[in-house]
Structure formats: C-alpha cells, structure tokens
1. Classify the range 65-110: rounded, prolate or oblate, from the alpha-carbon gyration tensor (a ≥ b ≥ c, eigenvalue square roots; a/c under 1.5 rounded; otherwise prolate if a/b is larger than b/c)?
2. How many percent of the accessible area of the chain is carbon or sulfur, using a 1.4 Å probe?
3. When we measure straight from the Cα of K109, which lysines land under 29 angstrom away, once same-chain ones fewer than 8 places off are left out?
4. Taking amide hydrogens as modeled 1.01 Å from N in the peptide plane, which residues meet the under 5 Å criterion relative to V140, leaving out close sequence neighbours?
5. For the chain, build the charge dipole from Cβ charges (+1 Lys, Arg; -1 Asp, Glu) around the Cα centre, then report which of I92, L170, V51 sits farthest towards its positive end.
6. What's the FRET efficiency of E26 with K168 using the Cβ-Cβ distance as r and R₀ = 30 Å, to the nearest 0.05?
7. What FRET efficiency do you get for K105 and N19 if R0 is 22 Å and r is their Cβ-Cβ distance, rounded to the nearest 0.05?
8. At 0.36 nm per residue, and after removing the present C-alpha to C-alpha distance, how many nm does the segment from S64 to A120 gain when stretched out fully?
Amino acid sequence: MYYYLSDIGKMTLTSDGENITGLWLEGQKYYGDIMAVNSPERNNKEEMLPVFKQAKRWLDMYFSGKEPDFSLPLAPKGSPFRQKVWKMLCDIPYGQVVTYGDIAKALAKESGKAKMSAQAVGGAVGHNPISVMIPCHRVVGADGSLTGYAGGIHNKVKLLELEHADMKSLYIPKKGTAL
C-alpha cells in the first residue's frame, strides 16, 4: 500500500506489484472493498515500487491542475460488465462530463442490445476501485445533477473544478443517496 496526501484528503493506493489495483479517498464509500491484504508496500520510501513512483508523479501533476501526459498501468478487479464501464470512464476527456445514460447507450450499442440500464451503469461507476485515475467523477445525472460519487459530492465538485470543467449546467441535488 502507498498513501498519498492530496488536496481532497489522504488517498490509499494498492498494487499487485506492477499495476495500480486500487485508489480510495479516506472514508470513501466502498473504501478498500477489494484492497489487497498483502499489498507489497506500505510507504517504504527507500524502496518504493516503480508503479507507486509513477502514481505519485501522476497525482502530483493532476493535483497541480495539469492533465497528466502519461497513463498508468491500471488493473481494477471486477466483473466483465464493470470492466467495460471502467474502460469507458477512462475515455472521458479531462475536464468533460458525460451522463450515466450516455454510457448506458454506448454500452448497449457496443454489445448489440437495444438498451442498457443507466442504474446498472451507476452501480459499476460507484464501485470503481481506482478513483480519480479512472475518472468516475466525470459522470453526472441526465439533468446535470452532481450525484453518485462515492468519494463525496464536495470532492466531485473539487475534482471537476480542478479540471476546469464547465460547471454552469451542473448542480448539487438537495437530496439523494450519494450525498
């Protein structure tokens, strides 16, 4: 495990030795659901795994307000459906947002189905084990509501603002399950 202190709080990263397998904000819903019990590192700075060095560089760049110019080896664990959703999240451009419905339509088209449940997509997005790096914070409700972020709506807003996303049509709902 590796701990990173970010602008939105302490983050816990896990690795299989070569890939990032998890990144959670402290107190995040589903925190460490699939955290590697025997992760090979616990912030031993003298012999930090190369993947954690890369992750630290990526996070430093990201939290300085710049779009990282390199990708990391990511290996989230989840069902084939969740894997497809998480792959689509990685395709959302920096500073942009898409809706759960947009992802559901794209998945339906990709799999040759007439339609796909936006709620099922929401479940997969909400269980993303590699927050920030797999940008689930870039997914919003069809009406522009900033809902569904396991790391907290206030952190979702901070991340979108950091990316200079156009927030004019987005809002924080007064009530909901992901507040």
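1. Details: a/c = 2.86, a/b = 1.28, b/c = 2.24.
Because a/c hits 1.5 or more and a/b fails to exceed b/c, the range 65-110 counts as oblate.
2. Numbers: 4940 of 9380 Å².
Of all accessible area on the chain, carbon and sulfur atoms account for 53 percent.
3. K77, K84, K87, K156
4. V98, T99, Y100
5. Projecting each Cα onto the dipole axis, the largest value belongs to L170.
6. Details: r = 31 Å, r/R0 = 1.02.
Efficiency computed from Cβ-Cβ geometry: 0.45.
7. 0.15
8. On the way: separation 56, 0.36 × 56 = 20.16 nm, distance 3.35 nm.
Computed gain between S64 and A120 is 16.8 nm.
The values are calculated or read from the model by the stated rules, or taken from the named source; none is laboratory data. Fair warning: this is a prediction, and the values are worked out from it, not measured in the lab. As a convention, Cβ positions derive from the backbone with ideal geometry for all residues, glycine included, and neighbour counts pool all protein chains shown. For the accessible areas, the whole protein counts, side chains as well, though only heavy atoms, and no ligand, DNA or RNA atoms are used. Shrake-Rupley method; radii C 1.70, N 1.55, O 1.52, S 1.80 Å.
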